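K.L.:
Below you will find the structure I want to go over with you.
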Amino acid sequence: MIAPELLRTGAQAKSSDFYTIATLGSHSALQILKGAHDEGFRTLAIANRDTERLYRSYAFVDEVIGIDHYGQFMDLVPELEKRKMIIVPHGSFVAYLSLDEHKKMKIPYFGNKAVLDWEASREKQRDWLTRANLTLPQQFITAAEIDRPVIVKMYGAQGGKGYLFVRDAQDFEARGSHLTQQYMLQEYIIGVPAYIHYFYSPLTGKLEIMSMDRRYETNVDSLGRIPAAAQEHMDIDPSYVVVGNSPLVLRESMLAEAYRMGEDVVRVSQEICGEKGLFGAFCIETIITPEAKFFVMEISARIVAGTNPFIDGSPYSYLNYSEPMSTGRRIAREIKNALLSNNLHAVLDDSGIA
Ligand code: ATP
């Protein structure tokens, strides 16, 4: 049993008995490290030359290691493996580290790496989500099958970069057929995008809705500001590049379905990704139609940047906690609870357990 004092910061914080929560300095690192600090952990940001000054400027960041670029992270791993440290991954880990590198890294890692295979493959992810009774936009294998507006999604794109909206098969022929990258043709759903942030605790077996956001994307979210008649002569293509996130609260009548979706996604993950399944933070990315139906675009199996507006908690986290509870802090709380109940392995990937 680890005494609560060992988790506290302050005078004793330099003791090697303390766990350090570490992450890459980008994406949702501020939230993760603030949450870790508030829960009493030491904190470490691995930043690049452009961002290290920023992370050093915050009092809750105990240590910053600067590297030239995030691609160099794997060079640091042998040194980090020697320390008493837990990595909390976010979107930049997926962007900068390959699946193989994730698996090679033996630093204790919050989350289940087996989920990565199911998330990374569009086909496997579709299988997972369909088994969880989620409704997905229709997929078209060949251009000839296109019978409605479609969004062309490039593989490996981030934040909607390079996505193309096409009206019909003819439009695709004219504007999309030259594409050389791998892409997916997905039915374009007209509705409100809503990103639902969850936390599943392997310690209590309970799912929590932490918060929700909608993304602000350029230029698709600004097209409504120009009259349709004027757009006709302007030759504007919508683009879906995320520039920020704003908070969203769902009509309460839709909340039960949002909760059901999260529960079923976790249940199926326990059938397909080993016993531990998906745990910790995750996000189901949806578009809600006028019939109040959720169409699921994809799942992110870790903390998403859309949780950043809620560093001080959200209306939903307030319902469960009478203190500010961001997703970053919730992660640290789970690690702390695991340590205090001598059950750390429950919240770590099995490869990180000595
Ligand atoms: P990230 O990895 O950051 O989640 P991404 O590159 O995987 O982003 P998506 O989240 O799949 O991109 O999509 C980006 C945006 O494109 C969405 O926020 C939404 O506005 C739009 N979009 C994606 N799929 C659809 C769809 N089927 N119908 C309508 N709009 C869509």
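K.L.:
Check N245: other-chain or 5+ apart residues with amide H under 5 Å from its amide H, H built from backbone geometry?
P.N.:
Y216
K.L.:
Which FRET efficiency, nearest 0.05, do I65 and A229 yield, Cβ-Cβ r, R0 56 Å?
P.N.:
0.50
K.L.:
Specify the residue with the greatest mean-square fluctuation among E52, E217, E275, computed from a Gaussian network of the chain linking alpha-carbon atoms under 10 Å apart.
P.N.:
E275
K.L.:
Pop the C-beta distance of Q170 and E263 into the FRET formula with R0 = 35 Å and round what comes out to the nearest 0.05.
P.N.:
My answer for the efficiency is 0.25.
K.L.:
Give me the distance in nm between label points sitting 7 Å out from Cα along the Cα-to-Cβ direction at Q158 and S121, one decimal.
P.N.:
Using points 7 Å along Cα→Cβ, the separation is 2.4 nm.
K.L.:
Using each residue's phi in region 196-203, evaluate 6.51 cos²θ - 1.76 cosθ + 1.60 at θ = phi - 60° and report the 3J(HN,Hα) Karplus result to the nearest Hz, with x for Gly and Pro.
P.N.:
9, 9, 10, 9, 10, 9, x, 6
K.L.:
Can you list residues from other chains, or at least 5 along the same chain, whose modelled amide H is less than 5 Å from the amide H of E298?
P.N.:
Counting only residues 5 or more places away or on other chains, the set is E285.
K.L.:
Taking the Cα centre of each part, how many Å lie between region 302-354 and region 186-224?
P.N.:
When both Cα centres are located, 18 Å separates them.
K.L.:
With the Cα gyration tensor of region 175-241 giving a ≥ b ≥ c as the square roots of its eigenvalues, does the rule (a/c under 1.5 for rounded; else a/b larger than b/c for prolate; else oblate) give rounded, prolate or oblate?
P.N.:
Oblate is the answer for region 175-241, as a/c is 1.5 or above yet b/c matches or exceeds a/b.
K.L.:
Still on this model: Quickly work out the K104-to-E252 label distance, labels modelled 7 Å from Cα along the C-beta direction, and quote it in nm with one decimal.
P.N.:
For E252 paired with K104, the spin-label model returns 5.3 nm.
K.L.:
No solvent, one uniform scatterer per C-alpha: report log10 I(q)/I(0) for the chain via the Debye equation at q = 0.13, 0.16 1/Å, two decimals.
P.N.:
-1.06, -1.50
Read the figures in this text as sums done on the coordinates, not as results from a lab. The model shown is predicted, which means the values in this text are computed figures rather than measured ones. Positions of Cβ are generated from backbone atoms using ideal geometry, with glycine treated the same way; all protein chains shown enter the neighbour counts.
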